[in-house]
Every structure is written in C-alpha cells, then in structure tokens.
Amino acid sequence: MPSTPEEKKKVLTRVRRIRGQIDALERSLEGDAECRAILQQIAAVRGAANGLMAEVLESHIRETF
C-alpha cells in the first residue's frame with residue numbers, strides 16, 4: 001500500500017479514473033452500443049487496472065526492500 005500522501009493520491013486518482021471508465025462501460029451496455037466500442041472500453045479498463053496494480057506493487061517493493 002502506498003505510504004506517502006503523494007503515492008496515495010496517485011493511486012486514488014487511478015481508482016477514480018477506473019470507476020469512471022466502468023460507469024461509462026455500464027452506460028454503453030445499457031444503451032446498446034456497438035460491440036467494438038464496448039470491447040475498446042473493456043480493454044481500456046483492463047489497461048487502467050494493470051497500471052494500478054503495477055503502481056501499487058512498485059510502491060510495495062520500494063517499501064519492503
């Protein structure tokens with residue numbers, strides 16, 4: 001877990017961005033958007049989640065070692 005206020009702010013910003021992407025994805029699904037657009041949104045969410053995981057892992061490694 002990020003220990004400094006700056007790291008925590010960066011992680012929370014990423015989480016909020018992912019939440020926004022998920023909300024947009026939900027609206028697209030409810031609105032019968034094209035499959036291509038939905039898949040693109042899913043890929044964006046996955047990329048954002050991977051970035052979040054990498055940032056948290058990097059923070060953990062820095063704190064531990």
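The values are calculated or read from the model by the stated rules, or taken from the named source; none is laboratory data. What you are looking at is a predicted structure, and each value in this text was computed from that prediction instead of being measured. Cβ placement follows ideal geometry from the backbone for every residue including glycine, while neighbour counts extend to all protein chains displayed.
Brief remarks on what is shown
- Of everything in the range 39-59 that is over 15 Å from the mean Cα position of the chain (by Cα) and exposed (fewer than 15 other Cβ atoms within 10 Å of the Cβ), the residue that is modelled with the lowest pLDDT is Glu58.
- In the set Arg62, Arg36, only one residue is among the basic types (Lys, Arg), at pLDDT 95 or above and either in a helix (DSSP H, G or I) or surrounded by 10 or more Cβ atoms within 10 Å (Cβ to Cβ) (or both); that residue is Arg36.
- Matching residues in the range 7-28 - criterion: being more than 28 Å from Glu58 (Cα to Cα) and loosely packed, with under 12 Cβ neighbours inside 10 Å: Glu26, Arg27
- Candidates Ala48, Ala44, filtered to the one that is among the aliphatic types (A, V, I, L, M), in contact (Cβ under 8 Å) with a residue 24 or more places away in the chain and assigned to a helix (DSSP H, G or I): Ala48
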